[in-house]
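Colleague: Dropping the structure in here first, questions after.
The values are calculated or read from the model by the stated rules, or taken from the named source; none is laboratory data. It should be emphasised that the depicted structure is a prediction, and the values quoted were computed from it without experimental measurement. Cβ: placed from backbone, ideal geometry, glycine included. Neighbour counts: every protein chain shown. Protein only, heavy atoms only, side chains kept; ligands, DNA and RNA dropped before computing areas. Shrake-Rupley method; radii C 1.70, N 1.55, O 1.52, S 1.80 Å.
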Amino acid sequence: QVQLVESGGGVVQAGDSLRLSCAASGRTFTLNMGWFRQVPGKEREFVANILGPGGTTYYLNSVKDRFTISRDNAKNTVYLQMDSLKPEDTAVYYCALYRGGTTYLSASYSYWGQGTQVTVSS
């Protein structure tokens, strides 16, 4: 069993930064992880992931130059540094453990955290 706990969300103004953390416990083996986000009434949207021993990263195009995903294997923690935040980044952000398959599909992830709210005001 794997447990994922997100933290770091909050209310900020446009242009500000936030760093989300996702602490993993249980049978994680390798931290192949992704971040998704969801707003009410919409599908959960892929944001970024970090995969493999080398930590290859992938990003949603609209966040590619503003967000950075990273991981600390010693701490079993994955981070999402979010800079230059925009109101359209407002969502609940979830981390998830990648299990295989198409990397930007939520079905490719087997365990999910409870989510952390990010609100960006204009």
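Colleague: Based on the Kirkwood radius over alpha-carbon pairs, what value in µm²/s does the Stokes-Einstein equation return for the translational diffusion coefficient of segment 24-108 at 10 °C and 1.306 mPa s?
Modeller: Numbers: Rh = 13.3 Å.
Reported coefficient: 119 µm²/s.
Colleague: Same structure, new question: Where only protein heavy atoms count, and the probe is 1.4 Å, what is the accessible area per residue for segment 52-98 in Å²?
Modeller: Here the per-residue accessible area is 49 Å².
Colleague: In a shell of Cβ-Cβ distance under 10 Å around residue 66, excluding residue 66 itself, what net charge do Lys and Arg (+1) and Asp and Glu (-1) give?
Modeller: Neighbour charge sum, excluding residue 66 itself: -1.
Colleague: Counting pairs of alpha carbon atoms under 8 Å apart in space and at least six apart in sequence, what relative contact order in percent does the chain give? Walk me through the numbers before you get to the answer.
Modeller: Working: 299 pairs, mean separation 42.7, N = 122.
This gives 35 percent for the chain.
Colleague: Could I ask something else about it? Could you please state how large a percent of the accessible area of the chain is carbon and sulfur, counting protein chains only and using a 1.4 Å probe? Please report the intermediate quantities before stating the final value.
Modeller: Details: 3030 of 6300 Å².
The value for the chain is 48 percent carbon and sulfur by accessible area.
Colleague: Across bins of 5 angstrom width beginning at 0, how are the C-alpha pair distances of segment 1-45 distributed, in whole percent?
Modeller: Binned Cα distances yield the sequence 5, 14, 21, 21, 21, 11, 6, 1.
Colleague: Please give the net charge around residue 12, taking every other residue with its beta carbon less than 14 angstrom from that of residue 12, where Lys and Arg add +1 and Asp and Glu add -1. Mind dumping the intermediate values first?
Modeller: Values: positive: 19, 66, 86; negative: 16, 83, 88, 89.
Summing Lys/Arg as +1 and Asp/Glu as -1 gives -1.
Colleague: Could you give the dipole magnitude of the chain about its Cα centre, charging the beta-carbon of Lys and Arg +1 and that of Asp and Glu -1, in debye to the nearest 20? Walk me through the intermediate numbers first.
Modeller: On the way: 11 positive and 9 negative charges, 61 e Å.
That gives the chain a dipole magnitude of about 300 debye.
Colleague: Quick one: Karplus J couplings for segment 45-54, per residue in order, coefficients 6.51, -1.76, 1.60, θ = phi - 60°, nearest Hz, x for Gly and Pro?
Modeller: 10, 5, 10, 6, 8, 9, 9, x, x, x
Colleague: Scan around residue 85 for amide H atoms under 5 Å from its own, H built in the peptide plane at 1.01 Å from N, and keep only partners 5 or more places away or cross-chain.
Modeller: Here the answer is 15, 16, since their amide H atoms fall under 5 Å of that of residue 85.
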